[in-house]
Structure formats: C-alpha cells, structure tokens
Amino acid sequence: METINGVGVSPGRVIGPVLQMPPPVQEPAPSEKLDPEQTVDQETQRLKTAATAVQAELKSRAATATGDAVGVLEATSQMAADPMLLKAAGNFISTQQHSAERAVWDAGEQVAETLKGLGGYMAERAADVLDVRARIVAELRGMPAPGIPVSDTPFILAAQDLAPADTATLDPAVVVGLATSSGGPQSHTAILARALGLPAAVAARGVDRIADGSEVYLDGATGEVITSPDDVLEAKVQTWREQSASLTAFEAPATTADGHHVPLLANVGNPEDAAAAAAAGAEGVGLLRTEFCFLGRDTEPDHQEQVEQYRAIFDAFAGCKVVIRTLDAGADKPLPFLTNTDEPNPALGVRGFRTDMTSPGVLERQLTAIAAAAEGSEAEVWVMAPMISTRDETAAFAALCRANGLKTPGIMVEVPSAAVVAGQLLEKADFASLGTNDLTQYTMAADRQVGELAGLNDPWQPAVLRLVDMTVDGGKAAGGQHPKPVGVCGEAAADPALAVVMAGLGVSTLSMTARALGTVATVLKSVTLSEAQDIAAEAAAQPTAAATKEAARSRLPVLDELGL
Ligand code: PEP
Ligand code: MG
C-alpha cells in the first residue's frame with residue numbers, strides 16, 4: 001500500500017480502478033516535414049488511414065452512447081472524414097512537404113476559421129474540428145485519444161489537472177472519483193466535482209503516475225489516495241455509503257437553534273443543477289454561474305438561447321429568489337468570445353465585469369436576455385456582476401441593470417478593494433455577495449489553482465474573515481435602518497463550521513452546492529445566534545488560519561459526532 005496525501009475537496013470515499021486522463025495533444029513543430037523516406041502519396045495515405053481510424057472509433061462510441069452524446073459523437077465522426085479538412089491537409093503535404101501531423105493541424109485551423117466566419121450554428125462546429133484534428137494527430141503519433149477516457153465500467157479519473165469543460169462533461173455513473181496531482185481546493189474543477197458529488201482530491205502529487213487499472217482508495221475529505229486498498233479501507237467506504245444518505249437530507253427553512261433564519265441557497269450552473277437543487281429543498285439560488293451554461297462555446301449565445309437557459313432555471317425556483325451572475329469569464333474559465341488567452345497574468349487581467357471594456361455589448365445583451373427571461377417568470381430575480389473593484393464600476397453596472405428593467409442590482413465582493421470600501425459601493429447597489437474563493441486568492445495573493453498554495457488559499461485566514469466583517473459593516477453603513485443584504489456564495493459557505501462563523505459575522509444568506517445543504521443546516525441548528533456570534537468573534541480574533549478553524553470547531557461538537 002502506498003499513500004499519496006492530497007487536499008480533499010469533495011467528501012466521499014470510494015475504491016476503484018484508476019484511469020489516467022491522457023495529456024493534451026501538443027502542437028507539432030511548425031517546421032515538421034514528412035519523413036524523407038516517405039513519398040507525398042504515402043504520407044497522404046498515412047493521414048487518411050488515421051482519419052478513418054478516428055472516424056470508426058467515434059462511430060462505435062456513438063453506437064453505445066445515450067442521450068445528447070449520440071448526436072455529438074456522430075457529428076464529430078463525420079467531421080473526421082470531412083473532405084474539406086482532408087483536402088486542405090493533403091495540399092499542405094504536397095505543396096509544403098509538411099508531415100501529416102503538421103498538415104492536419106494547419107488544415108484544422110483553416111477549416112475552423114472558415115466555420116467561425118460563417119457564424120451561427122456553423123461557428124459552433126469550429127470547436128469540433130479542432131477536437132477532431134487533435135484526435136487525428138494523437139492517432140498518427142500512436143498516442144491515446146485526448147479527453148476523458150472511455151470505459152464501460154466505473155473508474156477513478158487521475159490527471160495532472162482538468163479544464164472545467166472536461167469536468168463538466170464527467171458522467172458520475174462512470175467516473176466515481178477524481179484525483180489530480182495539481183489544482184487547488186477552490187479551483188473550478190474542485191467546485192464542479194463538489195456539485196457532481198464526486199469524491200475528489202487535488203494537489204495529490206504522484207497520482208498521475210499510477211498505472212491504468214490499479215485499484216485505489218480515494219478519500220475526498222482527507223485527500224488521501226491509497227493504492228492496493230485492504231479490508232479496513234473497504235469497510236470505510238461502506239460506512240460512508242451508509243452515512244452519506246442521511247447527511248444530505250435538508251428541509252427548509254434553515255435556522256439556528258433559537259429560530260434565526262439563515263436562508264440556505266444553491267449555487268447552480270445550468271438548468272439540470274437548478275432542478276436538482278430545487279429537489280434538494282434549496283431556499284433559492286444564491287449564485288447562478290451563467291458562464292457554466294456556455295463553457296466550451298466559441299461564440300456568444302444568442303438572445304433566444306440565453307432566455308431559454310435562464311428561464312428554465314427561474315422556473316425551477318418559482319416564488320423564490322434567484323441571484324443570477326453575469327458572465328464571469330477569464331482565468332480558468334475562458335470563453336473564447338470574451339477573453340484573451342494570451343494575457344500574462346489572467347487572474348489579474350480582463351476578467352469578470354472587466355470584459356465589458358474589451359467586448360462592449362455582450363453584457364448589455366445578456367442583461368436584456370435576463371430581463372426577458374425574468375419577465376413573466378415567478379422567480380424573484382436579482383442580478384450581480386463578478387469581480388467588481390470600484391464604486392464607479394458598481395454605479396455603471398447598477399445603471400445598466402436598471403436601464404434594462406432589472407430592479408435589484410448587486411455586486412460580488414471578491415476583490416479586497418471592494419470589501420474595504422463596501423459601504424461606498426453599496427450606496428450604489430442593492431446587495432453584495434461574498435465570493436470567498438476569489439476573495440481569498442486575491443487577499444493572500446495565492447492562485448486558487450495552485451495546489452502548493454493550498455495553505456495560503458484558505459478562507460479561514462484571519463485576513464479573509466476581517467474582510468467579510470468589513471463587507472457586512474459596509475452593508476449596514478449603506479443601508480442605515482435597513483442594512484443592505486450581504487450573502488456568501490463562495491465555497492466557504494459549504495464548510496459547516498465556517499458557515500456558522502459567517503452567520504455569526506452577520507451575513508444574511510449562505511449559498512452552496514446543493515449537496516452541502518443538509519450538513520450546513522444540521523450544524524447551524526446546533527447553535528443559537530448569539531453562540532454563533534461568540535464563535536465568530538473568537539475565531540476572527542485568532543492569528544492564524546489553523547487557530548481560527550480550531551477555535552470554531554472546538555465550539556461545535558456536532559462536527560465530530562457527524563464525522564465531519
Ligand atoms: C468566488 O470567487 O467565490 C465565486 C463564488 O465565484 P467563482 O468561484 O465562480 O469564481
Ligand atoms: Mg469568483
């Protein structure tokens with residue numbers, strides 16, 4: 001048995017065989033020529049053979065797939081044999097003596113650009129061409145096909161790291177756990193794993209070297225990955241299975257022991273999440289990450305498509321509050337129609353609300369679509385902007401919302417400047433929502449995706465708690481008799497002990513993955529409001545993250561009773 005210690009990011013224990021995520025296909029060197037031993041005809045034939053093999057592989061996957069995947073796989077398999085692609089690649093081989101790999105790479109680029117130029121449905125296919133091109137290059141090199149491995153039986157996916165778009169396509173019936181050698185606890189991969197209820201560990205150095213097929217034990221709470229698991233570990237998995245069902249049950253309203261209501265809302269990324277969150281009893285949506293509806297898209301979704309997505313989510317929460325966030329693209333959530341992937345430091349670049357500077361119009365069109373979806377829906381729609389840093393940005397966003405008929409504009413507090421002057425910002429907006437994932441990353445200057453910085457990137461850091469406190473105070477200062485609501489929608493809200501601290505600091509709502517509702521409600525119910533306030537004051541006065549956590553946990557014996 002070998003133990004690899006990572007950082008647990010999504011609780012759950014599972015045993016299963018590992019399959020490694022193949023590395024992304026690297027671009028062939030621009031000068032890569034065909035082998036001097038090969039003729040142009042032979043190289044062209046090599047290309048065709050590879051393309052046919054890719055087509056056959058995709059076709060056979062389509063034959064066994066279900067749901068939307070069938071159409072996608074069939075369309076992609078057609079593309080592998082697309083005459084336009086193969087002809088363009090053949091030309092590069094014959095006129096420039098390029099290797100088949102380089103030729104199909106350039107041809108794919110050319111075809112994708114042409115499709116993008118056509119716009120609409122055709123432009124959407126550009127990403128498929130680039131996928132097919134990568135598959136053909138992998139086939140030519142004798143390497144495994146890129147993307148999530150295909151298997152008929154459940155497995156634990158191991159990888160160096162995953163793009164959020166890969167994580168979003170995981171099927172939890174087949175992928176039963178996730179372990180990455182890099183990645184941080186608040187990365188979007190970790191957030192999506194939690195939303196899917198997949199046990200996951202990040203920063204588990206060495207998991208990317210475990211051989212395919214090896215059995216491992218994965219504990220998504222402790223972050224342990226243990227090879228060749230024994231009966232003791234088997235029993236731990238069994239206990240988890242029995243316990244987890246009771247921990248996830250939630251019945252609204254969530255209150256402290258003395259009846260103080262702290263609405264527990266859900267973080268959702270698409271209509272399916274919203275339906276699951278509604279079924280889990282969430283009291284509303286505290287964060288609708290609209291960019292998750294459109295990950296992997298090359299072009300801006302049109303009005304109708306946006307209205308349909310948002311409306312489906314609003315309808316799942318008729319009569320409840322739904323806080324919708326405008327597109328938060330950038331850093332690890334690039335959207336090609338909004339973000340420039342060449343920025344030297346994307347987390348500090350043109351992301352979130354800032355993309356309105358570089359892609360004017362997208363935000364306004366999104367607000368128009370949100371207003372259209374809200375019109376006639378029974379949800380109480382609030383709108384907020386991500387990555388707000390200044391009062392001018394707040395005022396500009398609020399004005400744009402109101403001009404589009406959206407009456408409750410708010411801001412995410414994710415940048416320390418916004419927390420420090422929250423009172424001034426909230427004179428211009430109706431509410432704030434603390435994005436503790438980014439607030440922690442920017443306060444500690446620690447990239448949330450870097451596993452090595454997990455210790456710094458911890459929302460228990462005293463500096464982060466002080467900024468939460470300042471934001472709540474800002475809400476009181478700006479609201480006077482009626483404090484402006486300040487909620488939390490970062491991952492901190494899903495940590496039951498930290499949720500109690502947040503409630504004690506005075507946040508009005510907590511928004512989290514629907515799977516955390518039951519545990520957070522149970523722990524909240526174990527204290528009165530004044531006990532939560534005492535716990536928060538004591539925790540916030542500590543000098544280190546470990547001490548704040550310990551101060552809170554030691555006052556919450558229910559955590560140990562529940563094994564949390
Ligand atoms: C956050 O930063 O805490 C947040 C909720 O936004 P996201 O995780 O999508 O960046
Ligand atoms: Mg954020």
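Across the chain, Cα-Cα pairs more than 41 Å apart make up 26 percent of the total.
Applying a DSSP loop filter and a limit of 16 other Cβ atoms within 10 Å to the GluC sites (Glu not before Pro) in the stretch 287-331 leaves nothing.
Placing unit charges on the Cβ atoms of the charged side chains and taking the dipole of the stretch 248-562 about its Cα centre, the candidate lying farthest along the positive direction among PRO301, PRO346, LEU265 is LEU265. Counting only heavy atoms of the protein chains and using a 1.4 Å probe, CYS320 has close to 30 Å² of accessible surface. Distance from the alpha carbon centroid of the stretch 456-472 to that of the stretch 25-48 works out to 55 angstrom. Electrostatic bookkeeping for ARG194 treats Lys and Arg as +1 and Asp and Glu as -1; over the other residues with beta carbon under 12 Å from its beta carbon, the sum is -2.
Taking all protein chains together and rolling a 1.4 Å probe, HIS303 ends up with roughly 90 Å² accessible.
When the helices of the chain are scored as -39500 (n - 2.57) per DSSP H run of n ≥ 4 and the total is divided over every residue, the value at 222 nm lands at -14000 deg cm²/dmol.
If you roll a 1.4 angstrom probe over the protein chains with everything in place, what fraction of the accessible area of the stretch 248-562 belongs to carbon and sulfur, to the nearest %? The nonpolar share, carbon plus sulfur, comes to 52 percent.
Modelled label positions at ALA29 and ALA211, each set 7 Å beyond Cα in the direction of Cβ, lie 3.3 nm from each other.
Using C-alpha pairs below 8 Å separated by at least 6 residues, the relative contact order for the chain is 14 percent. With R₀ fixed at 25 Å, the C-beta to C-beta distance from GLN160 to ALA275 puts the FRET efficiency at about 0.15. Length gained on full extension, THR222 to THR64: 53.3 nm, using 0.36 nm per residue less the C-alpha separation. Using the Cβ-Cβ distance between THR3 and ALA463 with R0 set to 35 Å, the FRET efficiency works out to roughly 0.60.
This model, with +1 at the C-beta of Lys and Arg and -1 at the C-beta of Asp and Glu, gives the stretch 40-141 a dipole about its Cα centre of some 160 debye.
Once the 1.4 Å probe is applied to the protein heavy atoms, the chain comes out at 41 Å² accessible per residue. Think of the stretch 40-141 as a dipole: +1 on every Lys or Arg Cβ, -1 on every Asp or Glu Cβ, centred on the Cα centre; then among ALA89, ALA126, VAL72, ALA89 lies furthest on the positive end. Surface composition of the stretch 1-159: carbon plus sulfur atoms contribute 54% of the solvent-accessible area (1.4 Å probe, protein chains only, all chains present).
The values are calculated or read from the model by the stated rules, or taken from the named source; none is laboratory data. All values derive from a computational prediction rather than experimental measurement. Reconstructed Cβ throughout: ideal geometry from the backbone, glycine too, with neighbour counts over all protein chains shown. To get the accessible areas, we keep the full protein, side chains included, count just its heavy atoms, and leave off ligands, DNA and RNA. Shrake-Rupley method; radii C 1.70, N 1.55, O 1.52, S 1.80 Å.
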